[in-house]
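Report on the structure given below.
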Amino acid sequence: DKFRVTSKPTFSICNNVKYFSHSEKSTEDKGKTAVKKIFSFESMINERRKQAERSILVQVQSDHSYPELHSYCSQHGTVKEMHHYSLSNDLHFILVEFSNVEDVAQVMDVCGHINQSDVVPVKSPLLWFRVREVGSNINSKLKKSKSIPVVDHLPPIKRGNVVLPSSEITERLIQATTHSQQIEYMYTLSQLDEVGTRLRFFTAHQVECALRGLFPNMRALPFGSSVNGFGRKGSDLDLCLQFDEDFVKRKHREEGDDSKAAVRLVFQAKTTVASGRAQIQRQMETVGDILQLFLPGCTHVRRILQARVPIVKYHQDLTGLECDLSMTNLTAVYMSELLWIMGTLDSRVRPLVFFVRHWAKAAGLTYESPGPFITNFTLTLLVIHYLQCCKPNPVLPSLSTLISMASPADRRISDDGVNCTFLRDVSNFAPSKNKESLQSLLFGFYEFYSTFDFHGKGLSLAKGHGGKSGIGITKPDASPLYVENPLERMLNVSKNVNGEELERFKIQLRNAAWIMEELVEHSKEAVLQEGSIKHGVREKRKNSSPWGLMELLNPASKNHRDNTFSVGTMMRINARGRLVKVTDLFDDSDSLKTPVK
Ligand code: CTP
Ligand code: MG
């Protein structure tokens, strides 16, 4: 057999990422027709899930295996698209999408296992395309199959899932000509690409395939940054397992349809052995065992069952993804939908969120490991909240507005009873009257939170700018940072952040506001003396030295700048409406200076 079903323990994978230049990628993207805009999160998810079902993942010798694999696959079905990625110089994979799901079944029918006694003979759409041995016979099934079709114009292979090294990102940001363009570049260079998205849904599909025998309708739904529009290449995959029967039953009940209640033949089934949480912990433990023992590519399985939401963590070596699997966490899926909608409403939202996340990482505010640190999720909510509060025109509506515009079709109650109803089809939503540039909005973000009374107030996306009652809500508890969970309003998404981390956050916000003020002033002057700034920028580019907003992304700058702020620095708005240190205020006005004794 040419195809071998990938079985444990066949591969050892390292995490080095082969690098394809951005220009190579973009040339391939160029031929594309205009991307169809999908305005519903649910239709996007459904389409991606179907795509994963129509796909197989094949490990190949190199990307040169592409034409051979294409013609081999074309014997069994119609190949729609092929996407190549590599996880290191010698680990190459091609994700093959067929026109329909039956083609995948046909391909799997001609697959075999390697003759090795220690292999667990799992059958799944994760495969390996063996190099043809000289003089080997094709198996009898293949002999009977159609002759290999000749493809006149082999479509170019698509490449992706390449995490750009920071040096490449730096180089590109240097080439930008404005601050806003730097924010834009940061987003386009680091956002999750087509292959990355497909791989996430395919990784979810593998889990579904494994459990399908027992639970034909079970769904493994990606949520979090993999689907909410704020995902970057290399980010983790959050997965939620859903016993779909429960969901369907509840929906029927809600819609008053009890036709299912009248069925005569009922499945024999076990009653659950323990209640609620204990049952979920046991089930998760078993799922963890299945991943560990049977599923190709799944390694480093860790069961974290005592957490508020019990999860199983694992690494999928063949798709290169670190995964967090949980159960019955539909509210988090609806949260992803809400964030996706916010990102769809205005094209400036996602670039801003990406920049703020990068800045926070460079400033040492966010960490991979859990702790009292601010998270990317909280940062995303902070950016959205700021965009709801922009004056005189907000960029984004409050969640209450989206709730008030919801139709009966938008009604969603999550499995734990949380009401997640809000407007879902935003295709007719009026665009914002706010036309500020990305630079101006980013500066606004730093200024807004530099002066926000975190001590006295909490933030609410439901309330947004808050109308007459002003911005912010009364904090229900003494948490240093209080950001109301938009869907479960009694919860604080930043409960983990301690006082010290909040102080660090405030200091970095002030530093950033300070740096940006200088940059914005400088760029204004530059516009006045057009010739000189153009000259200045060009010269900097020639020297390849970082400029503009890159100053905010330099981890070193946070420690050694003289003009940055430390804990307790007093901030005021000066006569020109700018944020300044109190000492600078004094410098502005001689009369306020303390006489030297
Ligand atoms: N979530 C939530 N409440 C929290 C934390 C998380 O509802 N207190 C949900 C959100 O939908 C979030 C998802 O769980 O997007 C995944 O959380 P996490 O992985 O921490 O954040 P991501 O948005 O995925 O960002 P990252 O790229 O850092 O993984
Ligand atoms: Mg995540």
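The values are calculated or read from the model by the stated rules, or taken from the named source; none is laboratory data. All values derive from a computational prediction rather than experimental measurement. Backbone-built Cβ (ideal geometry, glycine too); neighbour counts: all protein chains shown. Side chains are part of the model used for accessible areas, which takes the heavy atoms of the whole protein and leaves out ligands, DNA and RNA. Shrake-Rupley method; radii C 1.70, N 1.55, O 1.52, S 1.80 Å.
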Restricting to the stretch 457-478, name every residue that is over 22 Å from Lys391 (Cα atoms), surrounded by fewer than 18 Cβ atoms within 10 Å (Cβ to Cβ) and touching a strand residue (DSSP E or B) at 6+ places or on another chain (Cβ under 9 Å). Pro476, Asp477
Any idea which of (1) under 25 Å from Phe41 (Cβ atoms); (2) more than 16 Å from ligand 2 (Cβ to nearest atom); (3) open to solvent by 30 Å² or more (accessible area, probe 1.4 Å); (4) at pLDDT 95 or above is the one Thr328 doesn't satisfy? (4)
Would you mind finding the one in Thr188, Thr197 that is β-branched (Val, Ile, Thr), modelled with pLDDT of 90 or more and either surrounded by 18 or more Cβ atoms within 10 Å (Cβ to Cβ) or within 16 Å of ligand 2 (Cβ to nearest atom) (or both)? Thr197
The stretch 425-436, residues that are open to solvent by 50 Å² or more (accessible area, probe 1.4 Å) and within 14 Å of Val349 (Cα to Cα): Pro431, Lys435, Glu436
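Here is a yes/no grid of residues against (1) at pLDDT 90 or above; (2) outside any strand (DSSP E or B); (3) among the hydrophobic types (A, V, I, L, M, F, W, C):
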position	(1), (2), (3)
Arg4	no, no, no
Lys8	no, yes, no
Phe11	no, yes, yes
Tyr19	no, yes, no
Met44	yes, yes, yes
Lys50	yes, yes, no
Gln59	yes, no, no
Tyr72	yes, yes, no
Condition check for Thr319: at pLDDT 95 or above, away from ligand 1 (no atom under 11 Å from the Cβ), under 16 Å from the mean Cα position of the chain (by Cα) and among the polar types (S, T, N, Q): yes
The stretch 346-372 - residue that is hydrophobic (A, V, I, L, M, F, W, C) and not in a helix (DSSP H, G or I) and, of those, farthest from ligand 2 (Cβ to nearest atom): Ala363
Identify all residues within the stretch 96-142 that are open to solvent by 70 Å² or more (accessible area, probe 1.4 Å), part of a helix (DSSP H, G or I) and modelled with pLDDT under 90; write none if there are none. Ser140, Lys141
Mind checking which residues of the stretch 373-409 are aliphatic (A, V, I, L, M), more than 16 Å from ligand 1 (Cβ to nearest atom) and part of a loop (DSSP other than H, G, I, E, B)? Val395, Leu396, Met405, Ala406
Is it true that some residue in the stretch 307-318 is of a type outside the set (Ser, Thr, Tyr), touching a strand residue (DSSP E or B) at 6+ places or on another chain (Cβ under 9 Å), open to solvent by 40 Å² or more (accessible area, probe 1.4 Å) and over 27 Å from Arg510 (Cβ atoms)? yes
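Yes or no: the stretch 143-166 includes at least one residue that is at pLDDT 95 or above, surrounded by fewer than 17 Cβ atoms within 10 Å (Cβ to Cβ), part of a helix (DSSP H, G or I) and hydroxyl-bearing (Ser, Thr, Tyr).
For the stretch 143-166, residues at pLDDT 95 or above, surrounded by fewer than 17 Cβ atoms within 10 Å (Cβ to Cβ), part of a helix (DSSP H, G or I) and hydroxyl-bearing (Ser, Thr, Tyr): absent.
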For Thr203, indicate whether it is polar (S, T, N, Q) and open to solvent by less than 10 Å² (accessible area, probe 1.4 Å). yes
Asp425 vs (1) without any contact (Cβ under 8 Å) to a residue 40 or more places away in the chain; (2) more than 22 Å from Arg357 (Cβ to Cβ): all pass except (1)
Considering only the stretch 262-345, give the strands (runs of 3 or more DSSP E) lying wholly within it that have at least 3 residues that are touching an Asp or Glu at 6+ places or on another chain (Cβ under 6 Å) and not hydroxyl-bearing (Ser, Thr, Tyr). 311-316
